[in-house]
Amino acid sequence: MKDAEIKTAIEQGKTALGVELGSTRIKAVLIGPDHAPIASGAFDWENRLENGIWTYRLEDVWAGVQAAYREMALQVKEKYGTALKRPGAMGFSAMMHGYLSFDREGRQLCPFRTWRNTTTEEAARLLSEKFNFNLPLRWSVAHLYQAMLNKEAHVKDVDFITTLSGYVHWKLTGKKVISVGDASGMFPIDSETKTYHAGMMEKFDALVAGDGYSWRLGEILPEVLVAGQQAGALTEEGARLLDPTGKLEAGVIMCPPEGDAGTGMVATNSVAAHTGNVSAGTSVFAMIVLDKELSKVYPEIDMVTTPAGKPAAMVHCNNCTSDLDAW
């Protein structure tokens with residue numbers, strides 16, 4: 001497209017904005033109606049090891065998201081001579097798994113526990129046995145159950161747990177939802193119903209029934225959506241959070257917040273059965289999309305889903321390019 005056509009598309013809202021919060025960079029990319037990138041911004045960040053936990057502070061989340069958006073919007077202004085006021089659609093993705101917990105007033109209950117933490121061995125083992133399902137250390141429910149086993153005081157106050165993408169989306173839209181791909185790193189998914197596995201959820205609730213908590217698991221997890229469903233719209237508060245300059249308008253429709261594995265599958269066109277991809281990032285993993293669930297449990301294979309809810313087999317290792325960079 002010519003610059004004049006791109007300017008018109010921007011002013012008519014015929015663009016889409018995607019923002020991803022990866023392990024080392026936050027990226028914001030604006031595309032035009034032909035799906036080609038027209039502007040982008042980025043922000044470098046790193047996790048912190050605090051009190052034995054790999055974490056990111058939530059103030060750094062918003063500093064990074066705002067910086068990436070600001071750089072992208074400045075490119076729009078400089079290249080096309082117009083302000084970005086209202087993209088046609090927006091979506092957020094982020095590193096999967098981990099544990100973000102909040103109370104009824106929306107206050108964070110403990111530091112963000114990222115996918116890199118391997119402090120959940122006991123919980124993952126017990127839940128794998130209970131579910132007859134390989135439940136990885138990094139999954140949200142493993143972090144939750146380990147906190148319960150550790151008798152951490154915050155668990156009694158939990159009202160909502162989510163992933164990083166789900167958290168950002170919630171703050172921008174007010175909606176406690178998540179895409180099925182990212183949800184599959186929180187709790188096992190039933191690919192027939194495309195939501196949390198009901199039988200396993202019943203087993204979890206029965207397992208902890210005597211512990212005196214006022215909530216049931218289904219009440220504190222985000223609602224699961226699939227690719228193509230609308231997941232709310234940008235609120236006035238969300239618009240100011242993303243763009244403190246006030247130029248960005250509320251009302252932009254939002255897609256379900258997805259995990260970085262799902263965005264990688266889409267980017268490599270590996271969402272159909274019998275396709276696969278390899279991601280070499282901070283972690284390294286291979287994903288193969290299946291046409292049906294595995295017949296038995298394999299401890300080396302993590303079962304997740306595509307953004308459309310198809311079962312996908314993942315083999316994952318925590319370390320890859322961060323070690324290579326250090327070397």
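The values are calculated or read from the model by the stated rules, or taken from the named source; none is laboratory data. Remember, it's a predicted structure, so these values are computed and weren't measured experimentally. As a convention, Cβ positions derive from the backbone with ideal geometry for all residues, glycine included, and neighbour counts pool all protein chains shown. For the accessible areas, the whole protein counts, side chains as well, though only heavy atoms, and no ligand, DNA or RNA atoms are used. Shrake-Rupley method; radii C 1.70, N 1.55, O 1.52, S 1.80 Å.
Inside segment 122-171, residues that are in a helix (DSSP H, G or I), buried (at least 22 other Cβ atoms within 10 Å of the Cβ) and in contact with a Gly (Cβ under 8 Å, 6 or more places away or on another chain) make up a count of 5.
Among the residues of segment 306-319, none qualifies, meaning not one is closer than 22 Å to TYR145 by Cβ, among the small types (Gly, Ala, Ser) and open to solvent by 20 Å² or more (accessible area, probe 1.4 Å).
For first residues located in segment 113-127 and under 8 Å from ALA142 (Cα atoms) and aromatic (Phe, Trp, Tyr), partners that are open to solvent by less than 10 Å² (accessible area, probe 1.4 Å) and assigned to a helix (DSSP H, G or I) and lie 6+ apart or on another chain with Cβ distances below 8 Å do not occur.
Counting only helices (runs of 4 or more DSSP H) wholly contained in segment 214-302, the ones carrying 2 or more residues that are open to solvent by 20 Å² or more (accessible area, probe 1.4 Å) and modelled with pLDDT under 95 occupy 260-267. Taking segment 303-327 as the range and being among the polar types (S, T, N, Q) and modelled with pLDDT of 90 or more as the test, the residues that pass are THR305, THR306. Looking across ARG216, ARG240, one residue alone is without any contact (Cβ under 8 Å) to a residue 24 or more places away in the chain, within 29 Å of LEU127 (Cα to Cα) and not aliphatic (A, V, I, L, M). It is ARG216.
Within segment 53-68, not a single residue is surrounded by fewer than 17 Cβ atoms within 10 Å (Cβ to Cβ) and touching a Ser or Thr at 6+ places or on another chain (Cβ under 9 Å). If you go through segment 202-211 and keep only what is open to solvent by 70 Å² or more (accessible area, probe 1.4 Å) and in contact (Cβ under 8 Å) with a residue 24 or more places away in the chain, you end up with LYS203, ASP211.
Taken across segment 173-189, residues that are among the β-branched types (Val, Ile, Thr), modelled with pLDDT under 95, under 30 Å from SER295 (Cα atoms) and open to solvent by 10 Å² or more (accessible area, probe 1.4 Å) do not occur at all. One residue stands out among those in segment 74-88 that are closer than 26 Å to GLY262 by Cα and in contact with a Ser or Thr (Cβ under 8 Å, 6 or more places away or on another chain): the one that is surrounded by the most Cβ atoms within 10 Å (Cβ to Cβ), which is PRO87.
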